[in-house]
Each structure stands twice: as structure tokens, then as C-alpha cells.
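Taken together, the values in this text are just the output of simple stated rules run on the coordinates, not laboratory data. Remember, predicted model here, so these are calculated numbers, not experimental data. All Cβ positions, glycine included, derive from the backbone under ideal geometry; neighbour counts span all protein chains shown.
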Amino acid sequence: MIKQYGWSDALAKAFEPHARAGHAPGRIVAQHRDGYQVATDEGELRAKASGRLMHAAEEAEHPAVGDWVALSLNPTQGATLHAILPRRTAFVRRAADSVQTLQVIAANIDVAFVVTSLNADLNPRRIERYLAAAWQSGARPVVVLTKSDLADDPQGQVDAIAALAAGCPVLTVSARQGQGLAALLAQVAPGETCVLIGSSGVGKSTLVNAFLGEERMATQAIRETDDQGRHTTSHRQLVLLPSGGLILDTPGIREVGLIDAEEGLGVVFDDIEHLIRTCKFNDCGHVKEPGCAVRGALDSGALDPARWAHFQKLGAELAAVQSKAERLANDAERRRLAGLQKTYRATKRNARSGD
Ligand SMILES: Nc1nc2c(ncn2[C@@H]2O[C@H](COP(=O)(O)OP(=O)(O)OP(=O)(O)O)[C@@H](O)[C@H]2O)c(=O)[nH]1
Ligand SMILES: [Zn+2]
């Protein structure tokens, strides 16, 4: 059972101390106001976090959907979550009421589909923001351009976006025509978990439905009895895909990146921005300048070289795409003005010939 949810040898190893304590492993498939739904080898259970987990000082230490947990099964009191296994990846956001507190909104995500629509205007900033959120989480980003059935020149848009997507795959899809679905699903290996992130209306729900096919309603609903003995139905947020793999879909994860919308790269890479501000020279190139904080952090291991590379690549390509977009906009503006002048002259001519 838990193998389908991505249980691995590495997880089994990390779980050893908990197994010795008599706890069972499980993965959180939904979070409700009053507890969690956990997939275990005994089937799905409702569970509550232990007092110690609930009182963890940092919000990020609270269980989140996608987390692997150690739980004790008590037939009378229900299951209790005692510990969270180390997360491989995590999408975090700042809590609404505090800049300091980080909340985990999805854990152990392998693939982040950054979804944008081919019929919308290409917005490099927005894609960059979602890409940055994916990179920061540790998941592999895959850019998905939806509604290919509505596009005249999908390849042109693919090329423009590939330029900014720093080497990650860029795929087109039409849920309406079934084009590209298999290639998308092939990005998620059995036992891997994906998420769809992107703005409202780009077609995320439609894609989830297409991924799940006919099974959607049956796989999503959780029927349970609440504390008052009432029957309730809620939705699973981590769902097995018929093609193998899993998809995690919650409002929180869909909007990831929007929170930091206006600030852009500086917020998502605020540790790097901070380092750059600490360099001795304002115009430090971070190559071999004396007093370079970035080099220092790279040398000491405090800054992950891959993260630094992403930051540089994203920054450089964004600048390129933006200047290209500005040039195009300027050309368009010139053409518009030229067109207006022509009409203006024509009207004047007509007016003259009329009198
Ligand atoms: N032509 C066409 N329309 C599509 C396609 N996929 C989705 N749509 C339409 O796009 C609209 C928005 O799709 P949704 O799936 O609701 O978008 P969403 O990203 O889930 O939006 P939120 O729920 O607001 O986050 C709907 O009217 C869909 O029917 C497609 O492949 N082709
Ligand atoms: Zn520097």
C-alpha cells in the first residue's frame, strides 16, 4: 500500500528509530481543520498530531500534506502522529500574519508543473516567479503551456519560454483534444508526486481531471464520521494517478508564488540578495573580488552552488526576455502610431477633398 505512495528504502532507513518505538509509517493525504487523513499499510486513517507536534515552536515543524509520518494506531482513540520524517523537498510560504514564520504547504514534491495558458499573454515575470518557487522547493520544474488547441503558433511561444526556463522541459498540452497528456504524465515516475502551480484560469483543474480520468470522484472522496457521529465527505488532497505517481492539489499549492508576487526574485532568493548586499563592493561581480560574500558562502558550503547557478541564470535570462519584450512592445507601439498617422492624414485628405 504505502509503496504506491512513494515509500522507499531511504525512507525505511530514516524510519528505523520510529519502527523500534512501535510506530507505523504513513503519508498525509489530506489535512482538515480537526486532523489529518493518513495512508498507511492498514488503509487510510484519521489521525491527530501529538501534543508535542502541535506545540512545535516553528510552523514549519507542523505536519503538512505530503509528509511522511510516524504514527501510533490506537483502536479506541484513533491514530496519533508523533514525528515527521525529514522532508526531501518542501513548498513553504510566509504565514499571513508574520514575515518570520514559514509554513509548509506541501512536502516531498518531486515534480512541479508550472502551468500557463497559450491563449494568455506571455508573462515572463509570472513564469519566473513560479519557476523560482519550484526551484526553491527542491522539486523539478516542468513548464506546461495549456490550451494548445487555441494557439496559432504554439512553437513560437514554446521557444520564447524555453529561453527563460533555464533548461527545464517546456511541454504543450490540450486537455480538450487530449494532446500532450501522455508526455506530461511521463514526467512523473511511479511513486513520485507532482503539483500544478499557476494562475487562475490557466486550466489546472481541467488537467487534474484529465490526469485522473473517470476515476476522479471515486478516488477523491473521503467518507468519514466526525466526532459527533455525523457522516461527512471531504476531499483527498494527495491522490494516486492511474498512470502511477501521485498528484497533490490544494488551493495553497496552486497559489504558491503569488504571495511573493510583487517582490519577485528578491524574495524567493532573499538569502542570496542578502549576501549580495554584504559584498564589499557595490558592483561586485561575485567572481574573485575581495570581500565577496557570495564567494565566501559558496566556499564555506553555506550557499548551494546549484541554487546560485539558478539565481544567475534566471536573472540573466529574465533580463534578456524583458528587453526583448520591451523591444517588441516598442515596435508594436511604433506601428500603432504610424497607423494612426496614416489614418489621420487620410481623414484630413478626405476632409479637404470634401470641401
Ligand atoms: N480550449 C481549451 N480550453 C481549456 C482547456 N483546458 C481548460 N480549458 C478551459 O479553461 C477554463 C479554465 O480552466 P480551469 O481548469 O478551471 O482553470 P484553473 O487553472 O483550474 O483555474 P482555477 O480553478 O481558478 O485555479 C475553463 O473554461 C476550461 O474549460 C483546453 O485544453 N483547451
Ligand atoms: Zn560578491
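Here the scattering of region 121-162 is modelled by Debye summation over its C-alpha atoms, one equal scatterer each and no solvent; at q = 0.21, 0.28 Å⁻¹ the log10 of I(q)/I(0) is -0.73, -1.04.
Using the Cβ of Val114 as centre and a radius below 10 Å, the other residues enclosed give a net charge of +1, where K and R count +1 and D and E count -1.
With an a/c value of 1.5 or above and a/b not larger than b/c for the gyration tensor axes a ≥ b ≥ c computed over the alpha-carbon atoms, region 9-57 is described as oblate. Shown for His32, His23: other C-beta atoms within 10 Å of each C-beta, ranked fewest to most, produce the order His32, His23. Which FRET efficiency value, to the nearest 0.05, do you get for Ala163 and Asn74 by plugging their Cβ-Cβ distance into 1/(1 + (r/R0)^6) with R0 = 45 Å? Plugging the Cβ-Cβ distance into 1/(1 + (r/R0)^6) gives 0.20. In this simple spin-label model, placing a label point 7 Å from the Cα along the Cα-to-Cβ direction at both Phe281 and Ala306 gives a separation of 3.1 nm. Considering only alpha-carbon pairs that sit under 8 angstrom and 6 or more positions apart, the relative contact order computed for region 8-138 is 19 percent. What FRET efficiency, computed as 1/(1 + (r/R0)^6) with R0 = 35 Å and r the Cβ-Cβ distance, is obtained for Ala10 and Asn123, rounded to the nearest 0.05? My answer for the efficiency is 0.40. Hull volume per residue, based on the alpha-carbon atoms of region 1-101 and their convex hull, is 109 Å³. Each part gets one Cα centre, and for region 185-200 versus region 114-159 those centres are 14 Å apart.
Each of Ile105, Ile276 was scored by other Cβ atoms within 10 Å of its Cβ. Arranged with the fewest first, they read Ile276, Ile105. Between Met1 and Glu58, what is the FRET efficiency for a Förster distance of 22 Å, r being their Cβ-Cβ separation, to the nearest 0.05? After rounding, the FRET efficiency stands at 0.10.
For the peptides 128-134, 71-77, the ranking by packing is 128-134, 71-77, with the highest mean count of neighbouring Cβ atoms within 10 Å listed first. Counting neighbouring beta carbons within 10 Å and listing from fewest to most, the residues Thr116, Thr206 come out as Thr206, Thr116.
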